[in-house]
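Okay, structure first, notes after.
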């Protein structure tokens with residue numbers, strides 16, 4: 001089984017990443033730690049650079065992607081250090097830029113993943129109307145199975 005583990009850098013995302021990796025250790029032969037870096041025209045929440053920047057800045061986009069690669073690698077290393085390595089589990093990392101739901105869906109379909117594992121963050125009504133939810137869109141349009149992990153409701157789940 002191939003699992004695409006969608007990683008964001010929020011506290012909720014960190015707990016979700018750990019749970020996704022533990023599930024992969026039990027059922028998967030391959031896991032990809034996947035992060036979609038924001039495009040320079042979007043707010044850079046979760047990065048050291050917290051500003052709006054011009055969408056024309058290729059140099060700025062490269063900096064964002066480089067920062068995301070370092071951060072994703074660190075998260076992956078931390079999760080593996082906490083949970084150990086599993087023999088026979090192939091581990092990959094992938095960084096892309098764009099709109100997260102679209103990129104998750106595209107990458108999962110192109111690479112024939114069996115399962116997308118991602119977290120769900122509650123939004124207030126205004127955020128939901130203006131932004132929508134990555135999880136909602138992935139559930140609706142994915143061509144493979146999707147597991148939504150809600151760390152705030154997962155105390156009794158043994159992953």
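Regarding the range 29-52, can at least one residue be identified that is under 11 Å from the mean Cα position of the chain (by Cα), modelled with pLDDT of 95 or more and in a helix (DSSP H, G or I)?
Taking every residue of the range 29-52 in turn, none turns out to be under 11 Å from the mean Cα position of the chain (by Cα), modelled with pLDDT of 95 or more and in a helix (DSSP H, G or I).
Output the number of residues of the range 9-20 satisfying the condition of being touching a residue at least 60 places away in the same chain (Cβ under 8 Å) and out of contact with any strand residue (DSSP E or B) (no Cβ under 7 Å at 6 or more places or on another chain).
The total comes to 5.
Could you tell me whether any residue of the range 64-78 is closer than 19 Å to residue 16 by Cβ, without any contact (Cβ under 8 Å) to a residue 24 or more places away in the chain and surrounded by fewer than 12 Cβ atoms within 10 Å (Cβ to Cβ)?
yes
The values are calculated or read from the model by the stated rules, or taken from the named source; none is laboratory data. Small disclaimer: the values here were computed from a predicted structure and weren't measured. All Cβ positions, even for glycine, are placed from backbone atoms using ideal geometry, and neighbour counts span all protein chains on display.
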